[in-house]
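Structure, as structure tokens:
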Amino acid sequence: MANDVTTAARAAAPGQIFGAEFAYELIRFLGTLALTLLGLTFVTFVIGRVVPIDPVLAVVGDRAMPETYERVRQELGIDLPIYQQFWLYLTKIAEGDFGTSAMTSQPVLHDLFQYFPATLELATAATLIGVLLGIPLGVVAATHQGRLIDHVTRIVGLIGYSIPVFWTGLVGLLVFYAWLGWVAGPGRLDIGYDGLVEPVTGLITIDSLLSVDWDVFKNAIAHLLLPASLLGYLTLAYVSRMTRSFMLTELNQEYILTARAKGMPERRVIWRHALGNIIVPLITVVALSYASLLEGAVLTETVFAWPGLGQYITRSLFNADMNAVLGGTLLIGTIFVCLNVLCDMLYRLLDPRVRP
Amino acid sequence: MSAPDWLLTEAPASRRQASLGRWYRNWLVFRRNPLAMIGLAIVALLIVTAVLAPVLPLQSPTAQALSQRLAPPGAQHWLGTDELGRDILARIIFGARITLGIVLMVVAIVVPLGLLIGTISGYIGGALDVVLMRITDIFLAFPRLILALAFVAAIKPGLESAIIAIALTSWPPYARIARAETLTVRNADYVKVAKLQGASWLRIIWHYIVPLCSTSVVVRMTLDMAGIILTAAGLGFLGLGAQPPTPEWGAMISTGRDFLLDQWWVATIPGIAIFAVSLGFNLLGDGLRDVLDPKRT
């Protein structure tokens, strides 16, 4: 439907220059982004309203005077019509006011900044592992279609799609930490190393490098290795499968035949020409799996006692701390939506073949 | 004429013979794929055990026997017992009913909803199409597990909330598929003929368009089931899905977590069950896609 609109616009003005096209696409995507984010806030707003907890009681306690109750009720805007309440909610969020967490008695935004770097570190490490292994695996599978390595890739992918990540976390801890002792246990650092490095970025691996503390760095890596590998396996499954299918389409193109016919080395044909042409869709795939890792980390963080957003959200859940839950949901949701929409846009802007 | 000949004949004498013949031909192709056959076997086993669980000679999945708590796998308890002395094999098999129930319920909500939105959007078009597809896109961009978490937390933890939460975040792909299929057939001659004969749009959608969406929807559904099972198990693991003493696999892993170091079987066995069933659905879906939808592999 969106494409029909674009095509119609183009048909009306055949001699459009690239700049105008770019601006048009940009506006369209910003519109999509705004609309999707609005939808997301609306959903969290509705969820917040469905909760069977009286938000006024949560503030004043159950022994408050009726007058106090009424005043807080008005301050929270609960007597207003629903659309005004939604507007109030939107303006508060726009000011960065997600309310106060009942669990930590800190503003939710402050908490989110505290917990986010741990999730970011885990998801980034996992994506790096998945991409660095997944792309070569996918390429090799495509060039050896129907051979052993292709079947192995297919099975690796199927297992990745089928395995419960919280369970692999537990089994991984049992085998590699408890039995073999190859990696460090739950958490981001051993207790002795806690607070030794100045938090600059909040990513312990980067911070320890910045303050040139090798011991802390090694310990952080030992803790990161297992959860990042297990999450990275999910990325690997997805990325290798998509790479394989993109490569197969590309290798059947005529320019590949031309390159081969003029005697170009096979390695260059595959890794330079074919792979070069699938980089743009691959970026989309990687960005999407990165977004889903930020989300999927919830379960892994619970298993590994990793002090990230996922753990923050689940802990708040059990303390009926809805402000914190919705704030966290909104933050992860926003990143997810932005990555989604951004890579869709990137895809259309960078790959001339996608433009209608 | 033998049965295969009757099925494979080039000149079927009736509509029933033709359609049975087509099924048989698909089956012949499907049968050649060993991985898909393994998937089919796993799914069939899941369904059979789930249906027969009450009549199988099993111990009760909820009866506690504290004298036998945390017994390792052995002759009396093939897969050991959990922290309340309940037989893990019985709990796994009764858990299959829960898992299958969740999957079927989600699919029963999601598929009609997606079909309805997608076909109406594609057939009627215009402003309605734009609005419906925008809504679909918005839902498509939502993080599934996180929203399900927040949603379950808001209502109350339990099986029903988990099912609704998963359903709410899983319908958009079906709407997309149904719309795409509708767009390819809405201007086909047979649809125009039906229109000329005065069929209402509802009748056209239901009788002439929905049947053509069914193949892609079935393939998508089978591939989706693994995701549904994993999300449901994840919610159960976090304590937000089925509540004790229901033998839900995710929740079983969660309780087994406390005994992981010394009694590994309590947590690992339900995980193997989740993995096997998800893998079964994935293999089956892959195989079905190869047979029914060759252009997309």
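Which pairs do you get when a residue that is within 8 Å of chain B (Cβ to nearest Cβ), found in the stretch A:289-304, comes within reach of a residue that is outside any helix (DSSP H, G or I), reach meaning Cβ atoms under 6 angstrom, with the pair 6+ apart or on two chains?
What qualifies is A:Glu295/B:Pro143.
How many residues are of a type outside the set (Val, Ile, Thr) and more than 12 Å from B:Leu70 (Cα to Cα) if we restrict to the stretch B:262-277?
5
What do you reckon, is B:Ile146 open to solvent by 20 Å² or more (accessible area, probe 1.4 Å), farther than 22 Å from B:Leu52 by Cβ and within 14 Å of chain A (Cβ to nearest Cβ)?
no
Could you tell me whether any residue of the stretch A:176-184 is part of a loop (DSSP other than H, G, I, E, B) and touching a residue at least 12 places away in the same chain (Cβ under 8 Å)?
Yes, the stretch A:176-184 contains a residue that is part of a loop (DSSP other than H, G, I, E, B) and touching a residue at least 12 places away in the same chain (Cβ under 8 Å).
Scan the stretch A:185-198 for residues that are open to solvent by 40 Å² or more (accessible area, probe 1.4 Å) and free of Cβ contacts under 8 Å to residues at least 60 places away in the same chain and report the count.
8
Give me the residue from the stretch A:78-110 that is among the acidic types (Asp, Glu) and under 20 Å from A:Gly328 (Cα atoms) and, out of that set, surrounded by the most Cβ atoms within 10 Å (Cβ to Cβ).
Among those that are among the acidic types (Asp, Glu) and under 20 Å from A:Gly328 (Cα atoms), it is A:Asp97.
Checking A:Trp214 against (1) free of Cβ contacts under 8 Å to residues at least 40 places away in the same chain; (2) within 14 Å of another protein chain (Cβ to nearest Cβ), only one condition comes out false. Which one?
(2)
State all residues of the stretch B:264-276 that are assigned to a helix (DSSP H, G or I) and open to solvent by 10 Å² or more (accessible area, probe 1.4 Å); if no residue qualifies, say none.
B:Trp265, B:Thr268, B:Ile269, B:Ile272, B:Ala273, B:Phe275, B:Ala276
Can you name the condition, by its number, that A:Thr201 falls short on among (1) touching a residue at least 12 places away in the same chain (Cβ under 8 Å); (2) part of a helix (DSSP H, G or I); (3) surrounded by fewer than 22 Cβ atoms within 10 Å (Cβ to Cβ); (4) among the hydroxyl-bearing types (Ser, Thr, Tyr)?
(2)
Sort out for me the helices (runs of 4 or more DSSP H) sitting completely within the stretch B:150-246 that have 2 or more residues that are without any contact (Cβ under 8 Å) to a residue 12 or more places away in the chain.
B:189-196, B:210-237
Hey, can you tell me all the residues within the stretch B:1-27 that are of a type outside the set (Phe, Trp, Tyr), part of a helix (DSSP H, G or I) and surrounded by 10 or more Cβ atoms within 10 Å (Cβ to Cβ)?
The answer is B:Pro4, B:Leu7, B:Leu8, B:Gln17, B:Ala18, B:Ser19, B:Leu20, B:Gly21, B:Arg22, B:Arg25, B:Asn26.
Tell me yes or no: at least one residue of the stretch B:158-167 is open to solvent by less than 10 Å² (accessible area, probe 1.4 Å) and over 16 Å from the mean Cα position of the chain (by Cα).
Looking through the stretch B:158-167, at least one residue is open to solvent by less than 10 Å² (accessible area, probe 1.4 Å) and over 16 Å from the mean Cα position of the chain (by Cα).
Have a look at B:Leu230, B:Leu260 and point out the one that is at the interface with another protein chain (Cβ under 8 Å from one of its Cβ atoms) and modelled with pLDDT under 85.
It is B:Leu260.
The values are calculated or read from the model by the stated rules, or taken from the named source; none is laboratory data. All values reported here derive from a predicted model rather than from experimental measurement. Note that we place each Cβ from the backbone using ideal geometry, even for glycine, and neighbour counts take in every protein chain shown. Note: accessible area is taken over every heavy atom of the protein model, side chains too, but ligands, DNA and RNA are not part of it. Shrake-Rupley method; radii C 1.70, N 1.55, O 1.52, S 1.80 Å.
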